[in-house]
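One structure is given below, encoded as structure tokens.
The values are calculated or read from the model by the stated rules, or taken from the named source; none is laboratory data. This one's a predicted model, so the numbers in the text were calculated from it and none came from an experiment. FYI the Cβ positions are ideal-geometry reconstructions off the backbone, even for glycines, and counts take in every protein chain you see. Accessible surface areas use protein heavy atoms only, side chains included; no ligands, DNA or RNA. Shrake-Rupley method; radii C 1.70, N 1.55, O 1.52, S 1.80 Å.
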Amino acid sequence: MPKRNSMRFAAALLTVLASFMAGPNAALDAAPQHRDQVPGFYRLKVGDLEVTALFDGTGTFDAHWLNGTRATMDGVAKALHEDPHMLYVADTGFLVNTGKQLILVDAGAGTWWGGEAFGRLAGSLRSAGYTPEEVDIVLVTHLHSDHVGGLTTQDGKRAFPNADVYVAKAESDFWLSPEIAAKAPKDAQPFFQSAQAIAAPYIKAGKWHAFTGSEPIVDGMQLVPLPGHTPGHTGYEFSSKGQKIVFWGDIVHALRVQLQHPEVTAVFDIDPTAAAATRNQLLPKLASEDVLIAGPHMNFPGLGRLRKEGSGYSWAPVVFTDRWDER
Ligand SMILES: [Zn+2]
């Protein structure tokens with residue numbers, strides 16, 4: 001081989017070798033990052049029921065919204081300093097398809113918590129293959145706007161035009177009372193205003209139902225009165241084929257604090273003593289049974305079980321599977 005050709009050959013060989021050493025895709029453009037997330041729903045089966053968690057949003061719970069003993073709260077402040085993510089909370093609604101009826105338990109924040117962070121439940125519902133028109137019943141755990149805000153659209157119309165909404169009478173009577181609202185502290189006023197605005201179009205349409213506990217609402221569902229957080233705060237327990245799921249509303253806001261310290265309350269609790277007593281009664285019961293829990297503020301999808309751990313409890317979230325009938 002003439003000398004000049006052999007040098008060209010050597011240079012070409014080096015180029016090829018260099019590209020191999022840089023990796024198989026070095027000759028291609030870098031892959032763009034994909035910013036789209038998976039759709040905001042997660043499905044599982046409870047007996048014959050199909051339960052779908054519907055993502056509404058995330059936020060951070062303020063440490064000042066929690067009340068406990070000095071020692072506990074000092075511990076929370078220290079833990080928060082070491083882990084600034086410990087008070088992240090989600091907001092989630094849950095859809096139960098019984099095979100006969102489509103039932104939504106809590107409806108997310110809608111437009112009441114502003115911005116992009118919340119109010120995504122309607123989109124999650126559509127991603128899960130349903131439409132708002134198909135929802136027959138909405139069961140609400142209580143009338144705080146992070147649970148009922150999604151019941152109305154931005155222009156105050158019913159977001160679920162064919163749904164009957166059920167809420168405990170004690171809850172409805174409290175938040176919809178102009179007399180109680182007039183006497184309530186200034187900080188609580190937004191909750192009265194939102195409850196009244198959200199209920200109005202359903203009341204007008206004859207779709208607002210306040211239950212006292214004696215009337216059946218849905219086959220296979222039991223009411224679980226959980227007073228304290230709000231006067232008519234209610235959980236819903238569904239059973240099918242020996243399996244159970246409890247929708248527990250706001251039994252826990254900050255899971256990494258209140259499971260270890262069930263006595264810690266939130267400033268939003270109307271009756272903090274009753275809220276702590278309800279939590280102290282419910283947690284041991286749920287931990288001793290193999291019952292699935294749906295908690296709107298637990299990390300998405302807000303589905304898991306309780307385990308006894310030391311003097312408190314730990315949360316065992318459901319494990320992801322792409323088989324909807326496996327749990
Ligand atoms: Zn809440």
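Summary of computed values
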{"item": "The chain - percent of accessible surface contributed by carbon and sulfur, probe 1.4 Å", "result": "56"}
{"item": "Farthest positive-ward along the chain dipole, Cα basis, beta-carbon charges - from ALA170, VAL138, GLN33", "result": "GLN33"}
{"item": "Size descriptor, Kirkwood hydrodynamic radius, that averages inverse alpha-carbon separations across segment 258-327, Å", "result": "13.3"}
{"item": "Violating pairs (Cα-Cα greater than 27 angstrom) within the set LYS169/LYS244; LYS100/LYS308; LYS100/LYS207; LYS169/LYS308; LYS244/LYS308", "result": "LYS100/LYS308; LYS169/LYS308"}
{"item": "The chain: most fluctuating residue of HIS229, HIS253, HIS261 per GNM, C-alpha cutoff 10 Å", "result": "HIS261"}
{"item": "Average accessible surface area per residue within the chain, 1.4 Å rolling probe, Å²", "result": "52"}
{"item": "Contour excess over end-to-end distance, with Cα ends at ASP29 and THR131 and 0.36 nm allotted per residue", "result": "32.7 nm"}
{"item": "Summed residue charge, Cβ within 10 Å of GLY150's Cβ, Lys/Arg positive, Asp/Glu negative", "result": "-3"}
{"item": "Semi-axis lengths, Å, segment 149-294, gyration tensor of Cα atoms, sqrt of 5 times eigenvalues", "result": "27, 22, 13"}
{"item": "Residue-wise HN-Hα coupling along segment 85-92, computed from phi with Karplus coefficients 6.51, -1.76, 1.60 (Hz; x: Gly, Pro)", "result": "8, 5, 10, 4, 10, 10, 10, 9"}
{"item": "Spatially proximal aspartates and glutamates relative to LYS45 (Cα-Cα < 13 Å; intrachain offsets below 8 disregarded)", "result": "ASP322, ASP325, GLU326"}
{"item": "Dipole in debye (nearest 20) - the chain, about Cα centre, beta carbon charges: Lys, Arg +1; Asp, Glu -1", "result": "1140"}
{"item": "Largest to smallest accessible area among THR58, THR321 [probe 1.4 Å]", "result": "THR58, THR321"}
{"item": "Computed over segment 201-327: relative contact order in percent, which uses C-alpha pairs under 8 Å that are six or more apart", "result": "20"}
{"item": "Listed residue (ALA159, LEU303, VAL96) projecting farthest to the positive dipole end of the chain, Cβ model", "result": "LEU303"}
{"item": "Pairwise label distance in nanometres, ALA316 with ILE180, each label 7 Å out on the Cα-Cβ vector", "result": "3.8"}
{"item": "Helix-only [θ]222 nm of the chain, DSSP H runs n ≥ 4, -39500 (n - 2.57) each, per residue, nearest 500", "result": "-8500 deg cm²/dmol"}
{"item": "Positive-end extreme of charge dipole, the chain - chosen from PHE118, PRO185, GLY220 (charges on Cβ)", "result": "PHE118"}
{"item": "ARG70, ARG279, ARG35, ARG158, ranked by accessible area, largest first (probe 1.4 Å)", "result": "ARG35, ARG70, ARG158, ARG279"}
{"item": "Where Rh is the Kirkwood radius over Cα pairs, Rg/Rh for the chain", "result": "1.16"}
